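Presented below is the structure to which this report refers.
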């Protein structure tokens, strides 16, 4: 049951990576997508990141009941959980909702209104023209959004910790700077690139094979978000298992 | 000339086309007519490669389109223009950008030349000055005309038109029919029109193919259609009392 859609997905990807007809047209599309995915998502990513950091700090402080554990641990936990899990994974799930549903409904609407057929009649490789710029846009911008998210997550944690009195500035910074393993950042970037690829390709696949009318476009869009989220969580586990 | 040879097509075990063979004449308006579900649009989509037939072939001036790979098909597709039932204009582009899109993709013309070509096509469909409007700002008839302008922007040898009059008032439908006929004569294109509009059949049908239940049941011109003794064709063409009355005069 899963093999048929998986095969179609792989064949679609093969068409996506066919040589573009004209690079300068694709370049314009890539800039457009980069702007939409990147700049268009900074607001929501910033808000969720600050709150994620704040909640992590408050909940970690709540669990630190023993006097034997230094308060600086809060800084270390906020840093590592932001880099390794919260920023890449939660950002990706939020982006699956925002970007993924938009990609699926955009391509799905083009499918049901025969715009994709029109591209194909003209001799244009429609998967390449419609999906490749979105993949490149997402793979470039989502890691940058994750870097912003990590910074804001830590900042949010710092604010919540110091304002509530759960941790002092000195302790938080001490925790933040001690025992840092740079490889965790590499893992975070690997995750963000793979998640970006999953969000755009899964959503584009759902949109590209939409059949019917506006109701089916909505169904494709919902399915794109659900499958993207599950795929992200599955990939998250696999990456963690392989790299850590 | 375009030739369809023994085209078979099924969808989920439903036979839609059962071995259709037909020749579509060069420089003429070839009409595919038939009732709903007779396989007209499926035949058209098989001919342009939007559907792959299970059996049979489509030959464009001696070139077997169905046996070609993706790259070889592109060369033929550059010679094809198509007007879709829904017009299929790109929503995010203006009228001018829609018409210039194939030129941007496949030619190395300068922007000025492309704009001149877009203006020529717009003038040809009587839509001069509408360059900067978006499809959402156009009426149904205007969308069809922009669709035609986009279809002819690359000077196609073959023009495919799917239900050009659907959703249009009779007056606008006649304007679109006349435009298709004029463009066919002017550019000597091989035009294939799918329709069930009887005005189109009588007005522009140089060569008519009648499909019934996925098979070709009749072929001839609009002059011959009134005198055909094909029962299914007569039931289809003269279904309305108005057409039946008109038949007496033909």
Worksheet, complete the sentence: Checked the range B:56-78 for anything more than 9 Å from chain A (Cβ to nearest Cβ) and in contact with a strand residue (DSSP E or B) (Cβ under 6 Å, 6 or more places away or on another chain); matches are B:56, B:57, B:58, B:59, B:60, B:64, B:65, B:66
Fill in: Where residue B:236 falls short, out of the listed (1) within 24 Å of residue B:48 (Cβ to Cβ); (2) modelled with pLDDT of 80 or more
(1)
Worksheet item: Restricting attention to the range B:156-171, which residues are assigned to a loop (DSSP other than H, G, I, E, B) and more than 21 Å from residue A:113 (Cβ to Cβ)?
Response: B:156, B:157, B:169
Practice prompt. Report yes if some residue within the range A:38-56 is touching a residue at least 60 places away in the same chain (Cβ under 8 Å), in a loop (DSSP other than H, G, I, E, B) and under 29 Å from residue A:140 (Cβ atoms); otherwise report no.
Written response: no
Worksheet item: Within the range B:63-73, can you find the residues that are farther than 19 Å from residue B:7 by Cα and surrounded by 17 or more Cβ atoms within 10 Å (Cβ to Cβ)?
Response: none
Worksheet item: under 25 Å from the mean Cα position of the chain (by Cα), more than 14 Å from every other protein chain (Cβ to nearest Cβ), in contact (Cβ under 8 Å) with a residue 24 or more places away in the chain and within 20 Å of residue A:52 (Cα to Cα) - does that describe any residue in the range A:125-143?
Response: yes
Discussion item. Tell me whether the range B:10-32 contains one or more residues that are in a strand (DSSP E or B) and facing another protein chain (nearest Cβ under 9 Å).
Written reply: no
Practice prompt. State yes or no: is residue B:174 touching a strand residue (DSSP E or B) at 6+ places or on another chain (Cβ under 9 Å) and either in contact (Cβ under 8 Å) with a residue 24 or more places away in the chain or assigned to a strand (DSSP E or B) (or both)?
Written response: no
Worksheet item: Restricting the search to the range B:90-117, which residues are under 24 Å from residue A:109 (Cα atoms) and in a loop (DSSP other than H, G, I, E, B)?
Response: B:90, B:91, B:92, B:93, B:94
Response to the item:
Only one of (1) modelled with pLDDT under 95; (2) under 28 Å from residue A:184 (Cα atoms) does not apply to residue A:83, and that is (1)
Worksheet entry | In the range B:88-103, residue nearest to residue A:117 (Cα to Cα) [restricted to those that are at the interface with another protein chain (Cβ under 8 Å from one of its Cβ atoms) and buried (at least 17 other Cβ atoms within 10 Å of the Cβ)] | B:88
Practice prompt. Answer with yes or no whether residue B:123 is closer than 30 Å to residue A:27 by Cβ, modelled with pLDDT under 95 and over 17 Å from the mean Cα position of the chain (by Cα).
Written response: no
Item to complete: Those residues that are without any contact (Cβ under 8 Å) to a residue 40 or more places away in the chain, surrounded by 19 or more Cβ atoms within 10 Å (Cβ to Cβ) and in a helix (DSSP H, G or I), I need them from the range B:118-140; list them, please.
Response: B:118, B:121, B:122
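The values are calculated or read from the model by the stated rules, or taken from the named source; none is laboratory data. Keep in mind it's a predicted model, so treat the numbers as computed, not measured. Cβ atoms come from the backbone with ideal geometry, glycine included; neighbour counts cover every protein chain shown.
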